DNA sequence: TTGCCAAGGTTGTAGGTACAACGAAAACCG
DNA sequence: CGGTTTTCGTTGTACCTACAACCTTGGCAA
C-alpha cells in the first residue's frame, strides 16, 4: 500500500529522509492527535463557562501570579510564545472588557506595561476551578503518579529543543508550597 | 503571593476544587507550553515549504494511506477531530488547488467521498520529508528510546479519555513493517 | 405510505491568528 | 555626537476556525 506520509517509501523513491519506525510513528501519531484535540477542548470549556480563550486564560494567569499584577508586553508575549501583534490584539480586547489596563512604562518609553484590574482578578478567580477540573480530568487523572513525572521530564526535554533560551518555560512555575 | 490560576487559594476562598500539586503543575505547565508552541511551528514549516497547514497535511496523509485514496467526508472529519463545516471549507480549498476531488458516494446519496488526485499525491510526497524531519528534530530526537515508548503509553491513556470511541486514533496507525 | 428525527454536508459570518508594514524610542558605534 | 540598527509596540489585511442556519437523504415507526 506504500503509505508516504510518515513511513518508508519504496527504495527507489528514497531521498535521504530518516522515516519513522513503527514505534516512533505510533507515539508521534498519538501526540499529534492530542495536539489536535486538546486545545479546542480547553478553549471550548473556557469560552462556554467564562468567555475566555485558553490563550486569554494564560495571559490573565501569568498576570495574576506576578507581584503587582503588572507585566511588560514583550515579556508576556515571549512567555506565551506569542508574536507581539497577536498579543497586542488580545490585550486590546481584554482591555475593552475591563480585565486589564495598559500603562506606559516609566523606565522605557517604548514599552507598555499591562496591569490586571480587580475585575480581571475576579474573572480568572472565577474561571480557574472549571479549567483546573478539565485539566485534571483529561490529562492528569488518566495517568499514574509515575507517568505524571515521566510526562514532566519528557515535556521538559522537548521544550528545551523548542525553546532553547527558556523564555517559554517559567509559566506557572512558582513551586512555593505543597 | 497567592497565585490563583492553578494552585491552592487561601483557605477561605476555597470552593471545592482540587488544585494542582507542585509536580502536577510542573508537568501540566510544560505540556501546555508545548501545546502552545509546537502546532504553530509545524504549521509554519509546512506553510513555508509546501503551502500546507498541518491540518491539510493530516488530511492528505490519511487519504494517501487509504486503499484507493478515497475517504468519506464524515470519516475524515472524525479521524482528524474536525467539525464537518471546517472540513468542508478545507476540502473546498484543497479541491480548488487540484489536490483532491469530491465524488458523490454511490452507497449513500447524502455522503461525499474525497479522492486524492495524482497532483495531491505528489504534493504530500513532496511535503513529507521536511515535515518528518521537523517531527524528528523537535519531538523524537530529544527523547531516549524508552521515553518515546513512555510517551506513546501516556498519550494513549490521555487519548482514551479525550476520545473514548477511538475514532480519533487510527491515524497513521498502520504498523506494517519494522 | 406518512411523519418524524437523525445523519451527512454546505454556506455564511463572526472572531482569532499570522504576516507584513509601519513608527518611535533605545542601543550601539565610528 | 550623527547615523545605523535593534527593540517595542500598533495597525491593517488575509486566512483559518467555530458556530449557527439550512437543505437533503436515510432510518424508523405507526
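Computed from the coordinates by the stated procedures, all read-outs in this text should not be read as laboratory data. The structure presented is a predicted model; accordingly, all values stated were derived computationally and were not measured. All Cβ positions, even for glycine, are placed from backbone atoms using ideal geometry, and neighbour counts span all protein chains on display.
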Looking along the axis that carries chain B onto chain A, the residue of B whose Cβ comes nearest, with distance in whole Å, is B:150, 2
Inter-copy distances for residue B:146, label 7 Å out on the Cα-Cβ vector, sorted ascending, nm, one decimal, are 1.1
Given a Förster distance of 51 Å, the FRET efficiency implied by the Cβ-Cβ spacing of residue B:122 and residue A:106, rounded to the nearest 0.05, works out to 0.30
With the label set 7 Å along Cα→Cβ, residue B:68 is separated from its counterparts in the other copies, in nm and shortest first, by 6.7
With a Förster distance of 25 angstrom and the Cβ-Cβ distance between residue B:161 and residue A:156, calculated FRET efficiency to the nearest 0.05 equals 0.65
Cβ density ranking, 10 Å radius, fewest first, applied to A:78, A:123 yields A:78, A:123
From fewest to most C-beta neighbours within 10 Å, the residues A:122, B:67, B:24, A:36 line up as B:67, A:122, A:36, B:24
Taking A:83, A:66 and counting other beta carbon atoms within 10 angstrom, the fewest-first order is A:83, A:66
Under the rule rounded for a/c under 1.5, else prolate if a/b exceeds b/c, else oblate, using alpha carbon gyration tensor axes a ≥ b ≥ c, region B:1-141 is classed as prolate
Taking the reciprocal of mean 1/r across every pair of different Cα atoms in the protein assembly as shown, the Kirkwood radius in Å is 21.9 Å
From the Cα centre of region A:69-142 to that of region A:17-51, the distance in Å is 24 Å
From DSSP H assignment alone, runs of 4+ in chain B each adding -39500 (n - 2.57), the sum over residues rounded to the nearest 500 puts [θ] at 222 nm at -18000 deg cm²/dmol
homo-copy label distances at residue A:108 (7 angstrom along Cα-Cβ), nm, one dp, ascending, are 5.6
Mean per-residue count of partner chain Cβ within 10 Å for B:36-47 equals 3
